[in-house]
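I have placed the structure first, in the form of structure tokens, so that the comments after it can refer back to it.
The values are calculated or read from the model by the stated rules, or taken from the named source; none is laboratory data. Just so it is clear, the structure is predicted and the values come from calculations on it, not from any experiment. Cβ sites come from the backbone with ideal geometry, for glycine too, and all protein chains shown count toward neighbours. With ligands, DNA and RNA removed, areas are computed over all heavy atoms of the protein, side chains included. Shrake-Rupley method; radii C 1.70, N 1.55, O 1.52, S 1.80 Å.
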Amino acid sequence: MTANLSVVRDAPARAAIEVADLSHTYAGREGPVPALTDISMTVGAGRFVVIVGPSGCGKTSLLMMMAGLRHQTAGTIHIQGAPIDAPDPHRVGVVFQEASLFPWLSALDNIEFPLALRHAPREERRARANDMLNLVGLQGFGARYPHELSGGMKQRVSIARGLVQDPPVLLMDEPFAALDEQTRMTMGHELLRIWSQTAKTVVFVTHSLTEAVYLADEVLVMSARPGRIIDRIAVPLPRPRTYEMMATDVFGRLRERIWQQIRKEG
Amino acid sequence: MMRRPAPSTVRWVILAALLVFWELFPRTGIIPELFLPPLSKTIAVLVKDWREYASELSVTLYEVAFAMLIACGAGILAGALTGGIALLRNLLLPVFSSLYAVPIVILYPIFTAWFGIGSQSKIIFAGVYGFFPVMLTTAAGIRTIDAQLLLAARSMGASLPQQITRVIIPASIPTVLSGLRLGGALTIIGVVVSEMLTSAAGIGYLVTRYRTILDSPHVFGAIVMILLLSIAFDTLARAIERRTMVWQTAGRRQKEGERVDVAVKPATAVV
Ligand SMILES: Nc1ncnc2c1ncn2[C@@H]1O[C@H](COP(=O)(O)OP(=O)(O)O)[C@@H](O)[C@H]1O
Ligand SMILES: [Mg+2]
């Protein structure tokens with residue numbers, strides 16, 4: 001008995017996300033557009049991985065494929081050990097750049113939306129959505145409609161909605177890109193708090209190098225189109241991260257290294 | 001400094017002024033009574049002959065109701081199909097857009113040839129007349145739905161029927177309603193005009209009949225009824241739009257700067 005258990009515990013935990021030899025080519029209007037080539041990456045359970053790269057290098061495409069929202073032309077994606085070929089909200093939650101909340105639903109109803117889709121009982125829905133609302137720090141704002149919320153609050157609701165089915169993996173495509181610098185920093189910090197409370201595996205796309213270093217366990221740098229992964233940079237800063245770390249040498253050197261890689265791709 | 005009067009006050013003042021002029025101009029002889037009978041005479045006629053007006057109005061209302069049913073039902077259905085299916089959109093939308101620009105009234109004689117001069121031809125003519133704006137706005141409403149919303153719904157596991165009922169329909173309601181308001185107004189015009197052209201019943205028919213015998217007060221009585229009918233419809237349609245579009249109108253108000261601000265204490269500000 002004990003032997004068996006220890007075998008299970010000692011076995012290397014299967015990665016939450018495994019992408020192998022993935023390539024994608026769009027059938028564009030003027031001939032095929034190769035968007036991604038030979039992407040291979042592994043994200044361990046509970047890790048926070050940030051992807052950076054020049055615009056148009058295929059970051060959104062890659063995330064859409066991990067979410068099962070688009071099919072790659074070649075290669076495989078495994079999430080929690082099983083291939084993904086259609087959206088599966090029990091395995092993957094997605095937070096988009098535009099808050100993409102339904103403007104005709106209140107914040108609480110937006111968060112409940114995924115549960116309503118699978119006809120969960122009403123009380124369970126309410127309770128779960130309220131928990132999420134508290135988790136993202138929006139208690140008391142549940143009855144508000146998206147147009148009554150600030151940009152940061154909308155993204156909080158989006159995060160709550162992405163987490164409401166408790167998926168082990170959360171994919172975030174430039175979620176804070178539309179926010180002002182201050183709000184963006186606060187939201188990054190908040191995201192780390194939520195992440196540490198929920199132990200999710202996060203893949204986060206951003207244009208901001210500061211945000212990348214501040215949030216990540218590991219930063220993946222992509223080349224210009226067709227996107228390849230040209231560098232993997234581990235971020236050895238301790239957790240919990242603090243704003244003061246941004247002024248340290250380590251932080252600056254990491255940021256500089258990423259910048260050099262991206263600049264080459266220009 | 002004098003405060004600027006509210007727009008609604010201004011509207012009522014203008015309306016009152018018009019009514020006063022309507023009474024005074026014919027009375028003082030500035031406008032001959034044959035061209036414009038005084039307001040009081042018009043109302044007197046309406047009161048005296050209310051039975052006749054009511055029974056003709058009921059014919060018109062009956063025709064309008066069925067014509068709206070056709071315009072809205074067929075318009076929404078056709079609009080949803082052409083808006084939602086790319087092939088139909090590319091084939092049909094240019095055709096329907098150009099048809100909309102044709103003054104369909106010129107085809108009304110054909111409608112009477114096919115469907116007679118009774119209610120049937122009015123219902124079908126006005127239904128076709130109101131169909132185009134409903135169909136075109138519905139198609140536009142569905143085509144302009146934010147693709148991000150559908151993507152988000154799919155990421156949450158929404159099936160195709162769920163995408164339709166929970167995203168496409170609610171997202172297109174505001175546009176469709178504005179199409180219904182326009183289409184409904186055109187249906188009323190279609191019914192009244194066709195009654196004026198050829199018929200033996202309806203409010204439009206009253207206008208024509210009294211005009212041929214130069215009975216101006218009765219003509220204007222009928223015109224007042226038509227005006228009231230249009231205003232009543234528009235008021236109802238706007239009320240429905242307002243009720244169903246809380247989020248849309250609120251969004252617009254926010255852009256105009258009357259933003260309903262979120263009150264949070266600075267110390268615990270939620271961003
Ligand atoms: N549906 C599509 N059809 C054709 N080309 C596309 C499509 N979607 C994206 N692309 C192209 O693929 C490339 C990668 O796009 P995207 O994944 O959005 O990049 P990123 O998110 O890194 O900016 C871009 O050059 C874009 O023009
Ligand atoms: Mg992108």
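Quick look at the numbers
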{"quantity": "In region A:212-228, residue farthest from ligand 1 (Cβ to nearest atom) [restricted to those that are open to solvent by 20 Å² or more (accessible area, probe 1.4 Å) and within 17 Å of the chain's Cα centre (by Cα)]", "calculated": "A:D217"}
{"quantity": "Residues that are in a loop (DSSP other than H, G, I, E, B) and within 13 Å of ligand 1 (Cβ to nearest atom), drawn from region A:41-53", "calculated": "A:G53"}
{"quantity": "All helices (runs of 4 or more DSSP H) inside region B:119-190 with 1 or more residues being at pLDDT 90 or above and touching a strand residue (DSSP E or B) at 6+ places or on another chain (Cβ under 7 Å)", "calculated": "B:147-155"}
{"quantity": "Total residues in region A:186-218, condition under 22 Å from A:M132 (Cβ atoms) and either away from chain B (no Cβ under 14 Å) or within 16 Å of ligand 2 (Cβ to nearest atom) (or both)", "calculated": "12"}
{"quantity": "Residue selected from region A:66-105 under the condition of a type in the set (G, A, S) and surrounded by fewer than 20 Cβ atoms within 10 Å (Cβ to Cβ), by the criterion farthest from the other protein chains (Cβ to nearest Cβ)", "calculated": "A:A74"}
{"quantity": "Check on B:T42, β-branched (V, I, T), surrounded by 13 or more Cβ atoms within 10 Å (Cβ to Cβ) and in contact with a Pro (Cβ under 9 Å, 6 or more places away or on another chain)", "calculated": "yes"}
{"quantity": "Candidates A:L108, A:L63 - the one that is within 16 Å of ligand 2 (Cβ to nearest atom), at pLDDT 95 or above and more than 8 Å from every other protein chain (Cβ to nearest Cβ)", "calculated": "A:L63"}
{"quantity": "Breaking point among (1) assigned to a helix (DSSP H, G or I); (2) under 29 Å from A:H24 (Cα atoms); (3) aromatic (F, W, Y); (4) modelled with pLDDT of 95 or more, for A:Y214", "calculated": "(2)"}
{"quantity": "Residues of region A:54-79 satisfying the condition of being on the phi > 0 side of the Ramachandran plot and either outside the structural domain of A:R225 (by TED's automatic domain parsing) or in a loop (DSSP other than H, G, I, E, B) (or both)", "calculated": "A:G56, A:G58, A:G68"}
{"quantity": "Any hit, region B:142-161, residues being open to solvent by less than 50 Å² (accessible area, probe 1.4 Å) and within 22 Å of B:M68 (Cα to Cα)", "calculated": "yes"}
{"quantity": "Qualifying position, being within 16 Å of B:Y205 (Cβ to Cβ) and at pLDDT 85 or above, among B:L91, B:L57, B:L46, B:L81", "calculated": "B:L57"}
{"quantity": "Among the residues listed as A:A160, A:A143, the single one being among the small types (G, A, S) and open to solvent by 20 Å² or more (accessible area, probe 1.4 Å)", "calculated": "A:A143"}
{"quantity": "Conditions (1) open to solvent by less than 10 Å² (accessible area, probe 1.4 Å); (2) away from ligand 2 (no atom under 16 Å from the Cβ); (3) of a type outside the set (K, R); (4) at pLDDT below 95; number of the one not met by A:S6", "calculated": "(1)"}
{"quantity": "Total residues in region B:92-131, condition of a type in the set (S, T, N, Q) and in contact (Cβ under 8 Å) with a residue 60 or more places away in the chain", "calculated": "3"}
{"quantity": "All positions within region A:10-40 that are within 13 Å of ligand 1 (Cβ to nearest atom), more than 26 Å from A:Q261 (Cβ to Cβ) and not in a loop (DSSP other than H, G, I, E, B)", "calculated": "A:A27, A:G28, A:G31, A:P32"}
{"quantity": "Pair list, Cβ under 7 Å, 6 or more apart: region A:41-59 residue more than 21 Å from A:I262 (Cα to Cα), other residue in a strand (DSSP E or B) and within 16 Å of ligand 1 (Cβ to nearest atom)", "calculated": "A:V43/A:V49; A:V43/A:V203"}
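Let's see how each residue does on (1) part of a helix (DSSP H, G or I); (2) of a type outside the set (D, E); (3) in contact with a strand residue (DSSP E or B) (Cβ under 6 Å, 6 or more places away or on another chain):
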| position | (1), (2), (3) |
| --- | --- |
| A:Q155 | yes, yes, no |
| A:A160 | yes, yes, no |
| A:M172 | no, yes, yes |
| A:M187 | yes, yes, no |
| A:V219 | no, yes, yes |
| A:E244 | yes, no, no |
| A:G252 | yes, yes, no |
| A:W259 | yes, yes, no |
| A:K264 | yes, yes, no |
